[in-house]
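The values are calculated or read from the model by the stated rules, or taken from the named source; none is laboratory data. Note that the structure is predicted; figures quoted are calculated from it, not measured. Note that each Cβ is placed from the backbone with ideal geometry, even for glycine, and that neighbours are counted across all protein chains shown. Ligands, DNA and RNA are stripped out before the accessible areas are found, and what is left, the full protein with its side chains, is counted by its heavy atoms. Shrake-Rupley method; radii C 1.70, N 1.55, O 1.52, S 1.80 Å.
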Amino acid sequence: EIHIREPTEKEVNPHLLPGELLLCEASTVYKYIQEDGSNRGTYGKLVCTNFKIAFLDDSASDDNEPQFKNKIVGENDITLQCVDQIYGVYDEKKKLLTGQLRKYPEKLIIYCKDLRVFQFCLRYTKEEEVKRIVSGIVHHSQTPKLLKRLFLFSYASAAPNNIDGRNQTVMFDTLEDWRDELERTKGTVKYKAVTTNEGYKVSEKLPLYFVVPICISEESILKYEGRGIPIWCWSCHNGAALLKMSAFPKEQDDSTSQMQKAFLDGIYKTISKPPYELLKMDDLSSSLPSLQDIQTAYTRFKQLFLIDNCTDFWATDVKWFSLLESTNWLEIIRRVLKKAIEVAECLERQHTNVLLIEESATDLCCVISSLVQVMMDSYSRTKSGFQSLIQKEWVIGGHGFLDRCNHLHKSEKEEAPVFLLLLNCVWQLVQQYPPAFEFTETYLTVLSDSLYVPIFSTFFFNSQHQKDTNTSGESLKTQSGPFRFLTVWDWSVQFDPKAQAFLNNPLYAEKPRPDKSQRKSTRFKHQRQLSLPLTQTKSSTKRGFFREETDHLIKNILGKRIGKLINSSDEPPNSFREFYDSWHSKPVDYHGLLLPRINGPDIKVWAQRYLRWIPEAQLHGGGTIATAAKILDLMEQVQSLQVKMDEEHSQAISGDVHSVPMLRKSPRLSSLFPFALLQRQSVKPALPTSTWKDLEDEDDLVKRDDEFVDLSGDMS
């Protein structure tokens, strides 16, 4: 039996951005709110534009505005780049939809890259409209595109007065930016910013400006299009530097490879003698998993969260640990963090320069160099510092966002979630040491979502050269000057000030405060934090997730799956272990070196990003939001007290105080906040435990203050 509410006659029209065109639409489409067996849902119009797929709810009212509203992408909007896979349901059977369709489905399921799942019933829609909307959605979101067909260009040409809001983020597109960074890290004595690549005469893959050791000549840079040249990333306080190098192709004839070897030997000799420190080289292609391994692991991992219905959720929940282990995603995160610690040890303790080598130096080099800087440089843990780091190492550094995110659907072979891997690793640090970061996990989640919003140029080019050559807008009649693209770092484009409050950490430690008691409480809290849905850390010992069992288990898995990648023993060398243990035995200096904990149970699932759309996985009054709610509430009280004090001094502030929303008023606050709209959670998860039965009987329990309610005891 289908619970249907009759559609209203009210006409709803999509909100279109500048340059956005309506391509096709279908009325009387039924969107399932929650596939829980009751088929509850709502009628509306399904539309497809050159920017997004959107469902316009007939019954939507402005009263249900979320506190954390994205101004560009609404809760029922899916940008075309965010569509992962589309399935049609024919006679209860799911079929992947690609290319031309002979028969049209009665139900459409859209899986998104931000892990949302949309289900639309088309039984009540006119046949002609079904054909148009289904073929339109499949064509515009799944077929290969030309770069200039991206909405990025339509938006930039229709909104030519865009202001490039830099927000203190260093963009690294000028020589001065690089010189300032050298000055900041005290690297000017041994390194220089070069203009050799102006006009891209060295290589189209390199940025216009970059930094090399002073002893490297212009001829050397020009000789092999920048390959074999150590490029500076960052200098440590003791003078040791982190460098990266694009390796020579392996398939070469003997004479060419001998010439290249001689060239490299000359370079190594030059940068290994004073004033330079000793040099340690690390070929990341042999010491870390391949991009193919990373892509395979992430593809398996994300399937655990693309849940169609609650039956599937509980079916996978029974095998949760084994399924999670078999994806290998958490193990890859652990290995990447371990590699970053090894590099930090060379720089910090051994005073050795580290040269990261990779074929293009634009994938794993970006991950490791960024992580090392986040761990060693407290500036990279501020919001503007982290954004500048992404600009320097990824955007200007030449990471191929267009290919790696497969934005144009050209080739799945090039696809790999390298940037997501970095964000997952940074999240581990953020949740282990919250006071060390000026930004929150919500900031990281929103940043991961922004990968698929094509009004910002930040994540939609493969290199600075590709962006520069496509910035000219002369081919469009609408404007004659160059495009003015937006940067993702202008958060005001997506969020108003109230929503932006969730991106900043109110507990950020402004000044170094090495405090033993603070560190102990942090450790205790994070051992108990949600690492898997509705599962206590305590109960996981039976399933091989604690240290005694993990080492043996991981070795077995590694032996079978990626044994060929591990040349050394899985146990870290003594100097590494000594460095790691020694650091962890001391109080944390939140503005000094930070080393992540990397033993088995310390590597957790980024719960907010991966579980935020799954009602069954929510913790009422739980998750990190419970803490955040109390802090924001306290901040509001402090602000109101400040207002009263000012009034007493006859300096009343007239309604100008930007108070943070008082979250405690919401009785349904849960770990899905601030992403999932609370009104959607109409059905509580049917957990067969006494705790949830009590909850079903006592509606007033959720209305009580959550502070002393511990629901974790009975969850399994």
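The residues of the stretch 261-401 expose on average 31 square angstrom of accessible surface per residue, using a 1.4 Å probe on protein heavy atoms. Once you reduce the stretch 278-294 and the stretch 242-270 to the center of their Cα atoms, the two points are 17 Å from each other.
Multiplying the residue separation of Lys630 and Val12 by 0.36 nm and subtracting their alpha-carbon distance yields 218.6 nm. With coordinates expressed along the principal axes, the C-alpha atoms belonging to the stretch 209-266 extend over 42, 20, 19 Å, beginning with the largest. What the phi angles of the stretch 296-312 give under the Karplus curve with 6.51, -1.76 and 1.60, with θ = phi - 60°, is a coupling list of 4, 5, 5, 4, 5, 4, 5, 4, 5, 10, 8, 9, 6, 7, 5, 4, 4 Hz, glycine and proline written as x. Ranked from largest to smallest solvent-accessible area, with a 1.4 Å probe on the protein heavy atoms, Arg597, Arg149 come out as Arg149, Arg597. When the Cα positions of Cys48, Gln100, Leu80 are compared along the charge dipole of the stretch 22-143, Gln100 comes out farthest toward the positive end, with charges on each C-beta of Lys, Arg, Asp and Glu. The convex hull drawn around the Cα atoms of the stretch 22-143, when projected onto a plane and averaged over every direction, covers 7.8 nm².
Rounded to the nearest 10 square angstrom, Phe313 shows an accessible area of 10 square angstrom against a 1.4 Å probe. Rolling a 1.4 Å probe over the protein chains gives Asp57 an accessible area of about 40 Å². Relative to the Cα centre, the charge distribution of the stretch 22-143, modelled as +1 at Lys and Arg Cβ and -1 at Asp and Glu Cβ, gives a dipole magnitude of about 540 debye.
Among Asp403, Asp317, the order of accessible area from largest down is Asp403, Asp317, computed with a 1.4 Å probe on protein heavy atoms.
Given Cα pairs under 8 Å that are at least 6 residues apart, what percent is the relative contact order of the stretch 22-143?
Relative CO of the stretch 22-143 lands at 28 percent.
Rounded to the nearest 0.05, the FRET efficiency derived from the C-beta distance between Asn574 and Val89 at R0 = 60 Å is 0.55.
Near Phe210, the amide H atoms lying under 5 Å from its own belong to Val194; only residues 5 or more places off or on other chains count, and H is placed 1.01 Å from N.
Per residue, the stretch 22-143 exposes 43 Å² of accessible surface when a 1.4 Å probe is rolled over the protein heavy atoms with every protein chain present.
Proximity of backbone amide H atoms, modeled 1.01 Å from N, is registered between Thr458 and Val488 at under 5 Å, excluding neighbours fewer than 5 places apart on the same chain. The figure for Ile631 is an accessible area of roughly 30 square angstrom, using a 1.4 Å probe on the protein chains alone. Sequence-distant contacts, meaning Cα pairs under 8 Å at least 6 residues apart, place the relative contact order of the stretch 375-418 at 21 percent. Carbon-plus-sulfur accessible fraction, the stretch 22-143 (probe radius 1.4 Å, protein heavy atoms only): 43%. Dimensions of the stretch 153-261 along the principal axes, based on C-alpha atoms and rounded to the nearest Å, stand at 55, 40, 20, largest first.
Of Val643, Val212, the order by accessible heavy-atom surface (1.4 Å probe, DNA, RNA and ligands excluded), from most exposed downward, is Val643, Val212. log₁₀ I(q)/I(0) of the stretch 318-450 at q = 0.11, 0.12, 0.15 Å⁻¹, via Debye over equal Cα point scatterers, no solvent, to two decimals? These q points yield log10 I(q)/I(0) values of -0.43, -0.51, -0.80.
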